[in-house]
Amino acid sequence: MRKKYLIFILFILIIILTFNVHGKIVNAATSSLADRKIQTYGQAELKAQPDLARISLAIGTRNKSADNAVAENAVIANEVKKSLLEAGIPENNIKTGSYQLYSYRETAMEQSEINENPIFYQVTNEMIITTGEIDTIGEIIDLAVASGVNSVNYINFELTDPQDLILQALQKATQQAFQKAKAIAESINEEIATLANLREENTNYQPFRFQDTAMQREISFASAPTPIEPDEVSIRASVIAEFYLKD
């Protein structure tokens with residue numbers, strides 16, 4: 001009786017072990033199929049002509065008196081703003097970008113008999129002018145300089161609404177990722193079954209910044225409007241995709 005019982009237990013153990021081994025084989029096969037994937041990277045870049053410009057202008061004044069430096073700067077700033085308004089630029093398109101007041105000590109020249117090193121106060125008032133009329137940028141700068149602006153920091157060329165181009169760049173990046181996966185699969189005699197995973201890695205809208213020290217000399221001496229030629233702005237997008245291969 002005991003012998004029959006042991007044989008029965010042994011039989012059950014064999015069945016359990018067989019089932020477990022079979023299950024592991026099935027799971028391994030399923031896992032193997034799930035790992036049959038291709039991962040690719042897709043990217044795209046679009047260029048577009050800008051339809052908006054932001055011009056950074058600065059008014060700098062200095063004086064031994066802080067109050068006088070501030071007052072002189074305010075007079076010039078008001079004159080510049082008045083000239084721009086009279087030229088048809090909306091008041092909402094004229095903003096203060098930054099305002100700085102600081103002091104510094106100016107070292108006297110060695111040959112000078114003056115022994116003291118006077119303290120000066122410097123005021124810098126940045127004005128940001130926004131315009132959608134790209135072809136008038138040179139005229140705006142010349143008018144501002146004639147009214148008292150003594151520095152042009154930069155000009156940003158932008159898009160009023162870059163969203164559509166951002167979406168187009170994402171579409172092209174996704175299409176490239178799929179074409180890459182398809183090419184890889186064909187090279188090993190395989191076919192793409194379906195998309196396994198897709199994620200946006202990066203989307204970048206980059207306005208074009210015009211910043212040239214030579215522009216200052218052109219502004220100072222040109223009798224015709226200062227020539228400003230905008231470059232295109234860039235929109236970049238990239239994605240990472242995974243595709244299942246067919247069984």
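Can you report the number of residues in the range 157-171 which are assigned to a loop (DSSP other than H, G, I, E, B) and either more than 18 Å from Ala53 (Cβ to Cβ) or in contact (Cβ under 8 Å) with a residue 40 or more places away in the chain (or both)? Spell out how you get there, then give the answer.
Start the filter on the range 157-171 by keeping residues that are assigned to a loop (DSSP other than H, G, I, E, B), which leaves 159-162.
In the following step, the residues that additionally are either more than 18 Å from Ala53 (Cβ to Cβ) or in contact (Cβ under 8 Å) with a residue 40 or more places away in the chain (or both) were identified as 159-160, 162.
Final tally of qualifying residues: 3.
Given (1) modelled with pLDDT under 95; (2) open to solvent by less than 30 Å² (accessible area, probe 1.4 Å); (3) not aliphatic (A, V, I, L, M), where does Pro50 come up short, assuming only one miss?
With (1) modelled with pLDDT under 95; (2) open to solvent by less than 30 Å² (accessible area, probe 1.4 Å); (3) not aliphatic (A, V, I, L, M) applied to Pro50, the lone miss is (1).
The rows are residues; the columns are (1) of a type in the set (A, V, I, L, M, F, W, C); (2) within 30 Å of Ile235 (Cα to Cα); (3) open to solvent by 30 Å² or more (accessible area, probe 1.4 Å); (4) modelled with pLDDT under 95.
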site	(1), (2), (3), (4)
Ala77	yes, no, no, no
Leu84	yes, no, no, no
Glu91	no, no, yes, no
Glu110	no, no, yes, yes
Glu113	no, no, yes, yes
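With (1) farther than 30 Å from Lys37 by Cα; (2) open to solvent by 30 Å² or more (accessible area, probe 1.4 Å); (3) at pLDDT 95 or above; (4) not in a helix (DSSP H, G or I) as the list, and Asn197 as the residue in question, which single condition is left unmet?
Of the numbered conditions (1) farther than 30 Å from Lys37 by Cα; (2) open to solvent by 30 Å² or more (accessible area, probe 1.4 Å); (3) at pLDDT 95 or above; (4) not in a helix (DSSP H, G or I), the odd one out for Asn197 is (1).
Report yes if some residue within the range 166-183 is farther than 25 Å from Phe208 by Cβ, surrounded by fewer than 16 Cβ atoms within 10 Å (Cβ to Cβ), at pLDDT 95 or above and not polar (S, T, N, Q); otherwise report no. So that I can check it myself, show each step before the final result.
Applying the first criterion (farther than 25 Å from Phe208 by Cβ) to the range 166-183 yields 174-175, 177-183.
Add one more test, that the residue is surrounded by fewer than 16 Cβ atoms within 10 Å (Cβ to Cβ), and what stays is 175, 179, 183.
Then keep just the ones that are at pLDDT 95 or above; that gives 175, 179, 183.
So of that shortlist, the ones also not polar (S, T, N, Q) come out as 183.
Yes; the residues of the range 166-183 include at least one that is farther than 25 Å from Phe208 by Cβ, surrounded by fewer than 16 Cβ atoms within 10 Å (Cβ to Cβ), at pLDDT 95 or above and not polar (S, T, N, Q).
The values are calculated or read from the model by the stated rules, or taken from the named source; none is laboratory data. It should be emphasised that the depicted structure is a prediction, and the values quoted were computed from it without experimental measurement. Neighbour counts are summed over all protein chains in view; Cβ atoms, including those assigned to glycine, are modelled from backbone coordinates with ideal geometry. Only protein heavy atoms, including side chains, enter the accessible area calculation; ligands, DNA and RNA are left aside. Shrake-Rupley method; radii C 1.70, N 1.55, O 1.52, S 1.80 Å.
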